[in-house]
Amino acid sequence: AKNLEFYLNIAADVPHYIWVDALRIKQVLMNLLSNATKFTEKGTIELSITVESHDATQAVLCFSVKDTGIGIKEDNVERIFDAFTQEDNSMTKRYGGTGLGLTISNKLLKMMGSELKLESTFGAGSRFFFTINVPAVW
């Protein structure tokens, strides 16, 4: 069994109601959380939702999944969103999976006018995040 702590941080200024394709956002977040769990043996996984900017009727929200997992080598960061890509074949053997989760997530986000971004330090963890502009009510 893994020894993981999960944190959910929703900023106080996140709107009470937003208009968004909830099914697709949920699918993206589940893919990101699944990957974080798969590649983190111990430590933490954190899902954060923050407001980057807003006006009376719109908000730009940032969804972020950060882990203390194995991280990704800098030269693999760009291609990690390609279909069927894991860092190397030994990763596929050790962790399993098809390598499609990030590709599908990024395609879904692009259809909603966003894209998946990544910050990672090999051996220390990764942060996958995206921003999305949504109609909002406070």
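We did not get these values from a lab; they are worked out from the coordinates using the rules stated. Bear in mind the structure is a predicted one, so any value in this text is a computation, not a measurement. Cβ placement follows ideal geometry from the backbone for every residue including glycine, while neighbour counts extend to all protein chains displayed.
Results, tabulated for the structure shown:
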| quantity | calculated |
| --- | --- |
| Hits in the range 102-134 - residues which are among the hydrophobic types (A, V, I, L, M, F, W, C) and either without any contact (Cβ under 8 Å) to a residue 12 or more places away in the chain or out of contact with any strand residue (DSSP E or B) (no Cβ under 7 Å at 6 or more places or on another chain) (or both) | Leu102, Ile104, Leu108, Met111, Phe122, Ala124 |
| Subset of the range 62-74 [over 13 Å from the mean Cα position of the chain (by Cα) and surrounded by 16 or more Cβ atoms within 10 Å (Cβ to Cβ)] | Thr68, Gly69, Ile70, Gly71, Ile72 |
| Checking Ser53 against (1) of a type outside the set (Lys, Arg); (2) outside any strand (DSSP E or B); (3) more than 18 Å from the chain's Cα centre (by Cα), the condition it does not meet | (2) |
| Residue that is surrounded by the fewest Cβ atoms within 10 Å (Cβ to Cβ), among those in the range 12-42 that are in contact (Cβ under 8 Å) with a residue 40 or more places away in the chain and more than 22 Å from Ser105 (Cβ to Cβ) | His16 |
